[in-house]
1. Please work out how much length the chain gains when fully extended from L119 to A156, using 0.36 nm per residue of separation minus the C-alpha to C-alpha distance, in nm with one decimal.
2. Given H placed on each backbone N at 1.01 Å, which residues far from L171 in sequence or on other chains put an amide H within less than 5 Å of it?
3. What number does the stretch 43-147 give for Rg over Rh if you use C-alpha atoms and the Kirkwood radius?
4. In whole Hz, with x marking every Gly and Pro, tabulate ³J(HN,Hα) for the stretch 104-110 from phi via Karplus 6.51 cos²θ - 1.76 cosθ + 1.60, θ = phi - 60°.
5. Of A93, Q62, A115, which is farthest along the charge dipole of the stretch 62-137 in the positive direction, counting Lys and Arg as +1 and Asp and Glu as -1 at C-beta?
6. Starting at the first residue of the stretch 112-120, write each ³J(HN,Hα) from the Karplus equation 6.51 cos²θ - 1.76 cosθ + 1.60 with θ = phi - 60°, in whole Hz, x for Gly and Pro.
7. Considering every pair of different Cα atoms, what Kirkwood radius, in Å, is found for the stretch 87-160?
8. With a 1.4 Å probe and all protein chains left in place, how much accessible area per residue does the stretch 72-156 have, in Å²?
Amino acid sequence: MTSVAHRWTGQGVAPGAAVAGSWRADRPVPARTVHIGPAEVEAAFAAVAADLERVAERVRAQGRTAAADIVAVGALIAADPDLVESAKQAAGAEQPLVAVRDAVEGYATVLDSLADEALRQRAADVRQIGRRVVERLAYGDNGRNAPTDRFVLVAAELGPADLIEHLGSGLVGAVAVRGGANSHAAIVARELLGHSHV
């Protein structure tokens, strides 16, 4: 096994330090050509919305209402008819996984351009939903398995569900390239999980 050491620095949004292997949540989109029709894209969005609803309900049952509400926002975004329709139209491309990802990115870019800070931050939520949808289309219902040992979750952007899903499964910290102290993932990391988050 090859071992590579990384030291991430940046704006800490949750206190602490973590030492563990890393696991990248947002692997590059597979470049293989597969047939994905609009129905499969729509089903993937529905499955992601249902997954997030289950995470929200699990957290709500633990008395973590604020975190549950934040995760539930992701489920609503995954059910957004305009977002789903944009991704469905991309399904007919030669490389549909890349096209679906790009359609989601186009939708997020519109949010990024808005004057309202709260709406701009929803662009990150849209990207996280898109990552989950593409992963489901590429790898099926099971997705990719996280490590079973202690690990630091790494991604360009992380969502609150990314953290909550790995709670109690070895997650000791998280690193996101984009985002800030007011991102949903940072709020969950800081207030509910007690993990380091850069």
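1. Length gained between L119 and A156: 11.4 nm.
2. Answer set, sorted by chain and number: F151.
3. Using only Cα positions, Rg/Rh for the stretch 43-147 is 0.99.
4. Using θ = phi - 60°, the values come out as 5, 4, x, 5, 5, 5, 4 Hz.
5. So the residue furthest toward the plus end is Q62.
6. With coefficients 6.51, -1.76 and 1.60, one gets 4, 8, 6, 6, 6, 4, 4, 6, 4 Hz.
7. When all Cα pairs of the stretch 87-160 are included, the Kirkwood radius is 13.7 Å.
8. With the other protein chains kept in place, the stretch 72-156 gives 48 Å² per residue.
The values are calculated or read from the model by the stated rules, or taken from the named source; none is laboratory data. The model shown is predicted, which means the values in this text are computed figures rather than measured ones. Neighbour counts are summed over all protein chains in view; Cβ atoms, including those assigned to glycine, are modelled from backbone coordinates with ideal geometry. Calculation scope for accessible area: heavy atoms of the full protein, side chains included, ligands and nucleic acids excluded. Shrake-Rupley method; radii C 1.70, N 1.55, O 1.52, S 1.80 Å.
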